[in-house]
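Step one of this worksheet: look at the structure below.
Each reported figure results from applying straightforward, stated rules to the coordinates on display, with no laboratory input. Treat the numbers as computed from the prediction; the structure is a model and nothing was measured. Cβ coordinates were reconstructed from backbone atoms using ideal geometry, including for glycine residues, and neighbour counts include every protein chain displayed.
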Amino acid sequence: MSAIRIDGNEISKSVNAETAAEVEALAQKYGVRPGLAVILAGENPASQVYVSRKVKMCEELGIVSKKIILPESVSQEELISIIDDLNKDDSIHGILVQSPTPKQISEKAVINAIDPKKDVDCFHPANVGKVFLGDLSGFLPCTPWGVSVLLEKSGISTAGKHVVVLGRSAIVGRPMAALLLARGANGDATVTVCHSKTPDLPSFTRQADIVIAALGIPQFLKGDMVKDGAVVIDVGINRIPCATTKSGFKLVGDVDFDALVEKTSAITPVPGGVGPMTIAMLMKNTVRAFKMSKGE
């Protein structure tokens, strides 16, 4: 058996094309475009890359972007004041603060300061609560939503399937389980969430029709931990030492790809799997925010 390699780059391109067409239609209808504000506090190199990608994607899709760069020393009060101004700015429909923030800033306080109607990351308790109640009419968590779309566009149904989610983070594991449990398309699954305290974890993954790995442990999921024909979605992205690359490291997921590619029916690579979908779904949420602001 050789697995279908689920190509997140190609699928994200099709999603982005849909978004670009919708943005143009909205611009024609209202005379204005969706606007996204991205705040970066500090000089974290990875964060700088992520912010640049988000701004570039806005440009490609016709979304207005506002990038706000703040020093590492910015106070929590200053940051929240900027968020307050953006909350009141009718030209800005989505607001995100790139994580991690400097140590003097409470990420919880920052998330709570964002108007839930502009919380396109879907981190605010009001939006998270809707998702956990099965109300998917508003914003959806970007990475879990991206996983759902990858499965859907690859022709893989979750209805009636046993899905094992590895990881219980507030960003991926928990909201992923909520989406899978919801009624309707891309849901209706039986879900098991495993984590670092789960005894005999492989006994659960071997039962799964679909495994979604989001533990943050390089190449954790091995070939003997899944059944033949399972679908494996790798959300992890980790840097490990590699003597054969110029940089001295390579990117790998939470899945031992080489050990699983011949055993699974479908699998996502790292990079080029889930990663591109996260930004694509962020853009979708920004369009949703614009439409909600217009009463759609």
Choice from ASP188, ASP121, ASP90 with maximal GNM fluctuation in the chain (Cα, 10 Å cutoff): ASP90
Max mean-square fluctuation residue, GNM over the chain, Cα-Cα springs under 10 Å, options GLN28, GLN98, GLN207: GLN28
Lysines whose Cα lies under 17 Å from that of LYS294, excluding same-chain neighbours fewer than 8 positions away: LYS29, LYS88, LYS117, LYS118, LYS284
Under 13 Å, Cβ to Cβ, from PHE220 - net charge with Lys/Arg +1 and Asp/Glu -1: -3
The chain - percent relative contact order, Cα under 8 Å, separation 6 or more: 22 percent
Pairwise label distance in nanometres, GLN207 with LYS227, each label 7 Å out on the Cα-Cβ vector: 1.0 nm
Relative packing of peptides 102-109, 277-284, 36-43 - highest average C-beta neighbours within 10 Å first: 277-284, 36-43, 102-109
Fluctuation leader among ALA189, ALA177, ALA27 - the chain, Gaussian network, Cα springs under 10 angstrom: ALA27
Computed lengthening from GLU18 to PHE249, 0.36 nm per intervening residue step minus Cα-Cα distance: 79.6 nm
Diffusion constant of the chain at 10 °C, which comes from Stokes-Einstein with the Kirkwood Cα-pair radius and 1.306 mPa s, µm²/s: 80 µm²/s
Estimated [θ] at 222 nm from DSSP helical runs (n ≥ 4, -39500 (n - 2.57)) normalised by residues in the chain, nearest 500: -12000 deg cm²/dmol
Calculated from backbone phi, Karplus (6.51, -1.76, 1.60) coupling profile of the range 266-275 in Hz, x at Gly/Pro: 7, 7, 9, x, 9, x, x, x, 6, x
Cα-based Rg / Dmax (Å) for the range 211-250: 12.7, 36
Virtual spin-label span in nm between ALA185 and SER154, 7 Å along Cα→Cβ: 1.9 nm
Gyration tensor (alpha-carbon) shape descriptor, the range 204-296, a/c threshold 1.5: oblate
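If you take the square roots of the eigenvalues of the alpha-carbon gyration tensor of the range 139-296 and sort them as a ≥ b ≥ c, do you get rounded (a/c under 1.5), prolate (a/b over b/c) or oblate?
The shape class here is oblate.
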Residues of type lysines that LYS227 reaches as a straight line, Cα spacing below 30 Å, ignoring anything fewer than 8 places off in the same chain: LYS153, LYS161, LYS197, LYS250, LYS263
10 Å beta-carbon shell around VAL32, net charge (K/R +1, D/E -1): +2
Net charge of Cβ neighbours under 15 Å - reference ILE171; Lys, Arg +1; Asp, Glu -1: -1
Calculated from backbone phi, Karplus (6.51, -1.76, 1.60) coupling profile of the range 121-128 in Hz, x at Gly/Pro: 7, 6, 10, 5, x, 5, 7, 4
Prolate/oblate/rounded call for the range 20-137, Cα gyration tensor, a/c under 1.5 rounded: oblate
Table column - 3J(HN,Hα) (Hz), the range 154-171, Karplus curve with 6.51, -1.76, 1.60, x for Gly and Pro: 9, x, 9, 8, 9, 4, x, 8, 8, 10, 9, 9, 9, x, 10, 5, 6, 8
